[in-house]
Amino acid sequence: MIDVIDLRKRYGDLEVLKGITTTIRECEKVVIIGPSGSGKSTFLRCLNCLEDPTGGEIIFEGVNIADMRVDINIHRRRMGMVFQQFNLFNNKNVIENIMLAPVYIRTQELRAKKIKNFFIRIRNLFTSNKKELYEINTTKAKIIEEAKEQALKLLRRIGLEDKAYVYPSTLSGGQKQRIAIIRSLAMNPKVILFDEPTSALDPEMVGEVLDLIKQLADEGMTMVIVTHEMGFARKVATRVLFMDEGQIVEENTPEELFSNPKHPRTKEFLSKVLSVH
C-alpha cells in the first residue's frame, strides 16, 4: 500500500530522517517507537506530505506522492491523520467538525463536474462529434444531508451522539481525541496515521482512546501509529519499528522485538522504558 524508499528530511544542516526504507501493507498495524527526537513524528508527517521530504520516494497506491508535481490533496483524502493535540475547530460544533472535510471535497467535485459540463455543452454546439456530459446524481443539499447522517452514525459508534451540537471546548480530552479519530473515518480512508494520539491526555482518558483504536485495528484498518504506550504497541501491532537518530534501527513482530531485541540501542531503550512501566 505504501512503499517508502530512501526517505530523507533535512532542516538546514540538521538531518532528521536519514534514508528510511520500509513497506506498509494493507491491513497492517505498524507501530513506531523510539526515544524523543528520533524522527518518529517527522516520518509520520512526511508520509502524507504535511512535511515535504528532502529526498526519497513515498509510493502510495502506485503514485509517488513525494513528487512535488502530484496534487497531494487528492491522495490525502485516502490517508487519515490523527494528531496529538486533536486539531478540532473550536468555532464549529462537533458535527460540523466531522462534516467539514467530506462536504468540502464532495461539493468541490460537484462544482468541477458542473464546470466541465458547461464547457462540454459549449463545445457540442460547434461540433458534430458530441461529447457526453459527466453524470451528476447529487446536489449540495444532498451532500450535506449524507455527511450529517454519516457523522451521527460515527458519533453513535463512540457513544457521543449527545455531543453532536456542543463545541469542543466543553469536551474532555478523551472525548476530543475520539471525535478527532472518527472525523478521520468520515473520509473513508485506506490508512490512518496516528501521531502519539494519547500523549496530550490525562492518564484516566488514555484507555478510552486506545480502545477505539484497537476496535479499528480489529476491523482491519491499515494503521501507522507513533506511540509511547508499549503495552498497547505489544497488543495491537502486527509489526513494530524502532527508530533512533532518524533511522529504523530494528523492526520485527511485537513478540520478537519486545522479548528478544537484537540491536544494542533497542535493548537499551526497552530496558529503560519497560522498567518504568
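The values are calculated or read from the model by the stated rules, or taken from the named source; none is laboratory data. On a predicted model such as this, the values are computed, not experimentally measured, just so you know. When we count neighbours, we look across all protein chains shown, and the Cβ atoms used for this are built from the backbone with ideal geometry, even at glycine. Ligands, DNA and RNA are stripped out before the accessible areas are found, and what is left, the full protein with its side chains, is counted by its heavy atoms. Shrake-Rupley method; radii C 1.70, N 1.55, O 1.52, S 1.80 Å.
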Counting only residues that are closer than 25 Å to Glu251 by Cα, among the acidic types (Asp, Glu) and in a helix (DSSP H, G or I), how many does segment 200-224 have? 2
Out of segment 126-164, which residues are of a type in the set (D, E, K, R) and assigned to a helix (DSSP H, G or I)? Lys140, Lys142, Glu145, Glu146, Lys148, Glu149, Lys153, Arg156, Arg157, Glu161, Asp162, Lys163
Conditions (1) farther than 23 Å from Val273 by Cβ; (2) part of a loop (DSSP other than H, G, I, E, B); (3) open to solvent by less than 70 Å² (accessible area, probe 1.4 Å); number of the one not met by Gln84: (1)
Just give me the residues in segment 1-31 being closer than 22 Å to Phe258 by Cβ, in contact with an Asp or Glu (Cβ under 9 Å, 6 or more places away or on another chain) and not aliphatic (A, V, I, L, M), in sequence order. Thr22, Thr23
Give me a count of the residues in segment 168-199 that are part of a loop (DSSP other than H, G, I, E, B), free of Cβ contacts under 8 Å to residues at least 60 places away in the same chain and closer than 20 Å to Met230 by Cα. 1
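Quick grid of which residues meet (1) closer than 30 Å to Ser172 by Cβ; (2) at pLDDT below 95; (3) open to solvent by 30 Å² or more (accessible area, probe 1.4 Å):
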position: Val31; (1), (2), (3): yes, no, no
position: Gly34; (1), (2), (3): yes, no, no
position: Glu57; (1), (2), (3): no, no, yes
position: Gly62; (1), (2), (3): no, yes, yes
position: Met68; (1), (2), (3): no, yes, yes
position: Met79; (1), (2), (3): yes, yes, no
position: Lys92; (1), (2), (3): yes, no, yes
position: Tyr104; (1), (2), (3): yes, yes, yes
Since Ile120 meets every condition but one in (1) more than 23 Å from Gly246 (Cβ to Cβ); (2) in contact with a helix residue (DSSP H, G or I) (Cβ under 6 Å, 6 or more places away or on another chain); (3) not in a loop (DSSP other than H, G, I, E, B), which condition does it not meet? (2)
Kindly state which strands (runs of 3 or more DSSP E) lie completely within segment 8-62 and contain at least 1 residues that are among the basic types (Lys, Arg). 14-24, 29-33
Within segment 243-257, is even one residue surrounded by 20 or more Cβ atoms within 10 Å (Cβ to Cβ) and within 15 Å of Glu196 (Cβ to Cβ)? yes
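Answer yes or no as to whether Arg265 is open to solvent by 30 Å² or more (accessible area, probe 1.4 Å), within 25 Å of Thr42 (Cβ to Cβ) and touching a Pro at 6+ places or on another chain (Cβ under 8 Å).
On the way: open to solvent by 30 Å² or more (accessible area, probe 1.4 Å): yes; within 25 Å of Thr42 (Cβ to Cβ): yes; touching a Pro at 6+ places or on another chain (Cβ under 8 Å): no.
No, not satisfied.
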Applying the selection to segment 93-117, what residues are of a type in the set (S, T, N, Q), assigned to a helix (DSSP H, G or I) and touching a residue at least 24 places away in the same chain (Cβ under 8 Å)? Asn97, Thr107
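Quick test for you: out of Asn137, Asn124, pick the one residue that is more than 17 Å from Ile95 (Cα to Cα) and surrounded by 13 or more Cβ atoms within 10 Å (Cβ to Cβ). So that I can check it myself, show each step before the final result.
Details: Asn137 fails: surrounded by 13 or more Cβ atoms within 10 Å (Cβ to Cβ).
One residue alone meets the criteria, Asn124.
Only one of Lys9, Lys40 is open to solvent by less than 70 Å² (accessible area, probe 1.4 Å) and either closer than 27 Å to Asp202 by Cβ or at pLDDT below 95 (or both). Can you tell me which? If you could, list the steps in order and put the result at the bottom.
On the way: Lys9 fails: either closer than 27 Å to Asp202 by Cβ or at pLDDT below 95 (or both).
From the options Lys9, Lys40, the qualifying one is Lys40.
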Inspect segment 248-257 for any residue being closer than 23 Å to Glu26 by Cβ, of a type in the set (D, E, K, R), free of Cβ contacts under 8 Å to residues at least 24 places away in the same chain and not in a loop (DSSP other than H, G, I, E, B) and give the result as yes or no. yes
Quick check on Lys163: is it among the basic types (Lys, Arg), surrounded by fewer than 15 Cβ atoms within 10 Å (Cβ to Cβ) and over 30 Å from Phe43 (Cβ atoms)? no
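Can you pull out every residue in segment 8-51 that is of a type in the set (A, V, I, L, M, F, W, C) and farther than 22 Å from Thr238 by Cα?
Going through segment 8-51, the residues of a type in the set (A, V, I, L, M, F, W, C) turn out to be 14, 16-17, 20, 24, 27, 30-33, 43-44, 46-47, 49-50.
Of everything in segment 8-51, those that are of a type in the set (A, V, I, L, M, F, W, C) and farther than 22 Å from Thr238 by Cα turn out to be Leu14, Val16, Leu17, Cys49, Leu50.
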Going by the structure shown, is Met230 touching a Lys or Arg at 6+ places or on another chain (Cβ under 7 Å), of a type in the set (A, V, I, L, M, F, W, C) and open to solvent by less than 20 Å² (accessible area, probe 1.4 Å)? no
